[in-house]
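Let me begin by presenting the structure, written as structure tokens, before commenting on it.
The values are calculated or read from the model by the stated rules, or taken from the named source; none is laboratory data. Not measured: the values here are computed from a predicted model. All Cβ positions, glycine included, derive from the backbone under ideal geometry; neighbour counts span all protein chains shown. These accessible areas exclude ligands, DNA and RNA; they are computed on the full protein's heavy atoms, side chains included. Shrake-Rupley method; radii C 1.70, N 1.55, O 1.52, S 1.80 Å.
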Amino acid sequence: MLDKVKILGTIITDKLDWDENCNEIIKKVNKRMLLLKKIISFGATREEMVHIWIVYCRSLLEQSAVVWSSSLTQENIDDLERTQKSFAKLILKNEFRSDYEESYENALMKLNLQSLEQRREELCLNFAKNCIKNEKLTDLFPENEKQYDLRNTEKYKVLHANTERLRKSSVIHMQNLLNTEARNQQQMNQANI
């Protein structure tokens, strides 16, 4: 019996956790970081390095993220984010201060990057929006029938989950993201009136 399988570069284990997938991704990105160090020595500009990071490394960190991002543990999130922190430290050198969290946020602003966690949320939301536009996938994100029900103001139905694993599933996560987006849009529209 198989305890794991690799599908399109994503490792799925029989426990449905993402530790092994994250470790594999991080290992690949760290190998690519060695190349980035060599490119810096050739005199590449900060903007060029950021572009190379996005195309060459961050793309790996985001591969199939809509499938697994909602089920990550905090340890997985921190491990993945650490790769981008290492990149920021590599590029900014002395500008990257030692008080870690604040310096990382400042580094992201200087490099015009988002945190990987923000990027994954954005990717999930965009995927869900694209699914709504595709008539074959609209069943994943059905709208609530009663839009004017004061007890249930959510635009999209959210599957009921009895277990934590299902609650953290990608579909339920994206249903909640769509509802948050709809609420924010509704609040903006009311503020403009």
One residue from D139, D99 being open to solvent by 50 Å² or more (accessible area, probe 1.4 Å), closer than 26 Å to W18 by Cβ, at pLDDT below 85 and not small (G, A, S): D139
Residues being modelled with pLDDT under 85 and hydrophobic (A, V, I, L, M, F, W, C) - total across the stretch 160-193: 5
Scan of the stretch 28-45 for residues that are without any contact (Cβ under 8 Å) to a residue 40 or more places away in the chain and loosely packed, with under 13 Cβ neighbours inside 10 Å, ordered by number: K31, L34, L35, K38, S41, F42, G43, T45
Lone unmet requirement of (1) surrounded by 12 or more Cβ atoms within 10 Å (Cβ to Cβ); (2) closer than 20 Å to S169 by Cβ for N134: (1)
Near pairs, Cβ below 9 angstrom, 6+ apart or cross-chain, from the stretch 62-81 (open to solvent by 60 Å² or more (accessible area, probe 1.4 Å)) to any residue that is of a type in the set (S, T, N, Q): Q63/T10; V67/T10; V67/S170
Filter result for D3 (open to solvent by 60 Å² or more (accessible area, probe 1.4 Å) and more than 22 Å from V171 (Cβ to Cβ)): yes
Candidates C124, C131, filtered to the one that is touching a His at 6+ places or on another chain (Cβ under 9 Å), at pLDDT 85 or above, at negative phi and in a helix (DSSP H, G or I): C124
Close pairs from the stretch 105-134: first farther than 27 Å from S86 by Cβ, partner at pLDDT 95 or above, Cβ under 7 Å, at least 6 apart: none
Candidates I11, I52, I25 - the one that is open to solvent by less than 30 Å² (accessible area, probe 1.4 Å) and without any contact (Cβ under 8 Å) to a residue 24 or more places away in the chain: I11
Filtered residues of the stretch 17-48 (kept if aliphatic (A, V, I, L, M), more than 13 Å from S86 (Cα to Cα) and more than 18 Å from the chain's Cα centre (by Cα)): L35, I39, I40, A44
